[in-house]
Amino acid sequence: MNFERGSEWRKWDLHVHTPLDHEWIDKPNIDFSKQLYEIESDIKEFSKKFVEFAKNEKMSVLAIVDHNFCNDIEKCYLPYIIQEANENEITILPGFEITVKDGSGIHLLVIFKENTKLEKIHEIVKQCFNPGETLNPNNGQVPISNKSIDELKQLLDRSEEEYILVFAHADRENGVLHRNTIQGSRRVAEWKKEFIKIAQISKNPKDFDENSFMGKVIKKIDQYYARDITYIIASDCRTINKTNTTNNRTYLGEKFTWIKADPTFEGLKQIIYESEDRVYVGDEPELLKRVRENPTKFIDKIEINWNEDYKGNKGEWFHDIVIPLNYGMVSIIGNKGNGKSALADIIALCGNAHVNENDFSFLNKERFKKGKLASNFKAKLIWKSGEQKEVRLDENISFDEIERVKYIPQGFFERLTNNIENKEFENEIKKIIFSYVPNEEKLDKKTFDEFIEFKRNNIEQEIDNIIIQIKQLSREFEKLEKKREKSYLNKLKSQKVNKENELEEFQKTKPKEILNPLKNEKLSMEMEEIYNRLADLKKDKDNKEKELNNKNQYLKELILEVENLKNIKKELFIINKIIKNKIEEITPILNKYNLKIESIFKYSLDISKIEEIINKKNKDINSIRNIIKEEYKHNPENLINQLNIINNEIQKLEEQLSDPMRKYQKYLQDLKEWQKRRDIIENEITNLRNEILYIENDLINDIEYIRKQILEKSKEIFTKKDEILNIYSNLKKSVELKIKEYKTIMHEYKINIDVSYKISNNFHKNFLNYINKKRRGYFKGIEESEERIKEIISNYQNINKWDDIKDFINTILNKFEQDDNYIINQVENLTDFITYLYSLNYIEPIYELKLGEKSLTALSPGERGALLIVFYLMLDQNDIPLIIDQPEENLDNESIYKILVHFIREVKKKRQLIIVTHNPNLAIVGDSDQIIHVTIDKVNNNKFIYKSGSIENQEINRVCSRILEGTLKAFDKRRLKYL
């Protein structure tokens, strides 16, 4: 029989008797003293009932092991039961139960291969007893053999027949572990015989109290008895009548063991090597339960065929292909370019795996889709539920439809392994971490990014407000930095010298003094009156001019105050709008709880007071304009008008003066203008001197003070970002608990998901956009500047503390100060640059996968490949089928054997797993449940050919040895775990 689906869970009863046993209940009324032809029909009838009962109990394999086999092969049930069982697809493993002479008689089961000649078994049994001794007497006194366990093994080995020894009912009467059978060191010695690898016990190993003797033996607490052995339960039946069991005797199949293997002797051998994964005692193995409860998540088979109108003119390829698939682990093997990835791609397409089709190795435009070849073929998955959907092989993945299988194609895996700097792998981590967030805590968000955006929204608003403050401070910083330039200081000094020279020369232009004529001549009364009037007018003029200046200054202040108040009005309107929008946003949420926003939050906007002040100040502005502006000179109170009147009167009076008096008056006016100009020059010199002193003594302190203020604001942003980082940290806690579940198989292989800050990959580009790379400085030159900023970034891979961020920023800023240079000379827009640098927009929390303390970038390619694939196997919560195309391509054999295999064995317990591989450690040591060997026969019109079966299938064994390099070594590794 060929079991294409590979190793499946089946019910095995490995300790079965027939009515030859003297304790059989309701024995058939057959007189074995008669001739065979007289009783053969009765034996056949019972055998049919026997097999029918086994079939009803859904037994797949029976080991029939009557005591001492039988007296006469022709007159026993076994040959007839075997014939009947073959017709009903039940495997019979022939054998016998024997009492060896050790102790008070230890019972052993000897089980042979299904096609072993019964005569040969009979001959072996007879050699265990004295010549002529009746093997199965009617009186029930079954004789003890004359062989010890070791002697029995020697006899069996000499027979060259394949066999398996089993400790029969080990914890019961005549069992090796029963205290009345054998005791002390002899019992330990017999129990620890390594060539006996299976022990039948009375109940589920889990049901023994760990404080009991058997509990300590099974759980290896008692070191004297601790050993690797496979425990089974079996019926040791004495009836096929469920209603007639007495004296603790059970019916056929009442006790049985689930075994995942082909129903063959070779299948039975597998439980010696893989007992944990292949043996189950209980109602139903977990896999069968999951398949039964989730039939839509297990692929039953795949069918691939020609389209109806295709005649095979472009090659046979896939014609009438039907491959049943195991519900556990399937390994697809074959030589390079012979269809391994083809089958994986087709299953992924039929299962609508949400992957980039460019990653397909076979179903891509350069291969099978080239020239519309794929349009001639169709395929469908038939699920365990009976669902099926046919697709043409030239169709595309639909991301709008549900993903039925998860596919990790070789191209995708290689891209993640070789290009870990892109965000693709980080997004995969986010997907998996988000899958661990309980549905009730996902806040109705569909993706990780949506969830994070919702959680960080208010924090980002606070950060934006701080950035506005940083920009304001940056403007002040830029103003001060401009004064640091040497050229600016030199210019001031030059201006100061020029002004001093100007003043020196100007001093020489002082009007020549003219004496007051009044000291030498006496004025007439009329002239004295004019002179006094003129003095009063000039005094009045000075006062008016002073008043005019004051009014102008006051007007400026009023206009500025009005503008400030108007800006406040605008800000208030903006705040009002923001509040209204927020109220509209949260009102529906509050309504769910019958809450009114008015009862929780009250505010009102009243700008009437502001309007009142603005109106008053506008009146003052208009009033002052009436007084000081020339366009209002018709107004009697207008100062320009008044000054014009005074000037006209002064001019008229001066015309009445004597020539000496006129000259004197002109001298006074010129002196006044000269003094005014001199004062301006002296003020300019004073201002220049003060500015120079400020630059030389105080500028650096002020710059540092502004930088300190900006830095404090940046620290506030970092504190806010820490709040976002905490959101990330909290989200990964469930994942960390999941990782701990694998602690026993991880050993020193410690996987961590770390949350840390990372400098954006675009930082160097954004940074260099601000730099004038033609100017002298550290960042001069296009290639040189990029190389240098990348070098700085490389030194700050770990920036999880504020001190790290501060040091990063200071390191960059200090580079601008090298070689007596200044940042203002090298940056195009200093305000925007400083705002960008201190805003920390380029620093974001990320998830980082680590092996111990080593990040992905620090790992070797083998370590990195193993880590990435283990991450998927361990943490992906999906329970839909998982297909992985050649994960070993980037892994070393040590990583595969020591690490990857363990996780694959865990994953196949939870979901259907299909792996394309040419590595024996994955297929063999991973204990594939099904191996599919595929070939595309290029000589025979590109015909797709496959062979399928289990590891224990001899034909598959040979194929594996031929295709998979190192297969024999892998088989050895597999056995060494138990041998």
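Need the full-extension length gain, Asn204 to Ser961, defined as separation in residues times 0.36 nm minus the C-alpha distance. One decimal, nm. Each step should come with its number before you reach the end.
Details: separation 757, 0.36 × 757 = 272.52 nm, distance 3.69 nm.
Gain on extension, Asn204 to Ser961, equals 268.8 nm.
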Spelling out what I want: for every residue of region 784-789, take phi, set θ = phi - 60°, compute 6.51 cos²θ - 1.76 cosθ + 1.60 (Karplus), and round to whole Hz; glycine and proline get x. 5, 5, 5, 4, 6, 5
Given pairs Lys219/Lys733; Lys58/Lys406; Lys442/Lys750; Lys11/Lys48; Lys431/Lys582 and cut-off 22 Å on Cα-Cα distance, the over-length ones are Lys219/Lys733; Lys58/Lys406; Lys442/Lys750; Lys431/Lys582
Taking 0.36 nm per intervening residue step and subtracting the Cα-Cα distance, what contour gain separates Asn941 from Glu654 on full extension? 90.8 nm
Between helix 78-87 and the chain, what is the angle of the helix's C-alpha long axis to the longest principal axis, kept within 0 to 90° and rounded to the nearest 10? 40
Lys and Arg at +1, Asp and Glu at -1: add these up for the other residues within a Cβ distance under 15 Å of Arg456 and post the number. -4
Reported to the nearest 10 Å², Leu595 has, with a 1.4 Å probe, an accessible area equal to 70
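Heavy atoms only, 1.4 Å probe, whole protein assembly: order Tyr757, Tyr531 by accessible area, highest first.
On the way: Tyr757 5, Tyr531 40 Å².
Correct descending sequence by accessible area is Tyr531, Tyr757.
Within 10 Å, count the other beta carbons around each residue, average over each peptide in 330-342, 612-624, and list them highest first. Don't skip to the end; give the middle numbers.
Working: 330-342: 22.9, 612-624: 13.8.
With the highest mean Cβ count within 10 Å placed first, the list reads 330-342, 612-624.
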Residues of the chain: accessible area per residue at 1.4 Å, in Å²? 51
Given a cut-off of 24 Å, name the pairs among Lys512/Lys676; Lys499/Lys774; Lys197/Lys220; Lys113/Lys220; Lys384/Lys910 whose C-alpha atoms lie farther apart than that in the structure shown. Lys499/Lys774; Lys113/Lys220
Output the 0 to 90 degree angle, nearest 10, between the alpha-carbon long axis of helix 954-963 and the longest principal axis computed from the alpha carbons of the chain. 40
Express in Å², to the nearest 10, the accessible area of Asp606 obtained by rolling a 1.4 Å probe over the protein heavy atoms while all chains stay in place. 110
Partnerless cysteines (no other Cys beta carbon under 4.7 Å) identified across the chain are Cys128, Cys237, Cys350, Cys960
Plugging the Cβ-Cβ distance of Gln183 and Lys431 into 1/(1 + (r/R0)^6) at R0 = 56 Å yields, to the nearest 0.05, a FRET efficiency of 0.40
Roughly what % antiparallel, to the nearest 5, for the DSSP beta bridges in the chain? 65
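In Å³ and rounded to a whole number, note down the convex hull volume per residue for the Cα atoms of the chain. List each step's numbers first, then the result.
Working: hull volume 287.2 nm³, N = 979.
Residue-normalised Cα hull volume stands at 293 Å³.
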Which cross-chain or sequence-distant (5 or more) residues have an amide H under 5 Å from the amide H of Ile198, H modelled 1.01 Å from N in plane? Phe167, Thr230
Amide H proximity to Tyr407 below 5 Å, modelled H, separation 5+ or other chain, gives His354, Ile883
To the nearest 10 degrees, how steep is helix 608-628 against the longest Cα principal axis of the chain, on a 0 to 90 scale? 30
Out of Ser623, Asn581, Ile600 - ranked by how far each Cα lies towards the positive end of the dipole of region 507-629, with unit charges on the beta-carbon of charged residues - the top one is Asn581
Placing each pseudo-label 7 Å from Cα in the direction of the beta carbon, Ile559 and Asn576 end up separated by a distance in nanometres of 2.8
Amide H within-cut-off set for Trp317, under 5 Å, with H built and near neighbours excluded: Lys943, Phe944
Please compare each pair in Lys314/Lys389; Lys314/Lys908; Lys260/Lys369 to a cut-off of 31 Å on the Cα-Cα distance and tell me which ones are over it. Lys314/Lys908; Lys260/Lys369
Find how much the distance from Ile583 to Asp42 grows on full extension, using 0.36 nm per residue of separation minus their present alpha carbon separation; answer in nm with one decimal. 185.7 nm
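Using packing as a proxy for protection, rank 801-811, 359-369 so that the peptide with the highest average count of other Cβ atoms within 10 Å comes first. Walk me through the numbers before you get to the answer.
Details: 801-811: 15.0, 359-369: 18.5.
Top to bottom by mean Cβ count within 10 Å: 359-369, 801-811.
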Counting only the heavy atoms of the protein chains, how much of Phe32 is accessible to a 1.4 Å probe, in Å² to the nearest 10? 60
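The values are calculated or read from the model by the stated rules, or taken from the named source; none is laboratory data. Computed from a prediction, not measured in an experiment: that's the story for all the values here. So basically every Cβ, Gly included, is an ideal-geometry build from the backbone, and we count neighbours across all protein chains shown. Heavy atoms of the whole protein, side chains included, go into the accessibility calculation; ligands, DNA and RNA do not. Shrake-Rupley method; radii C 1.70, N 1.55, O 1.52, S 1.80 Å.
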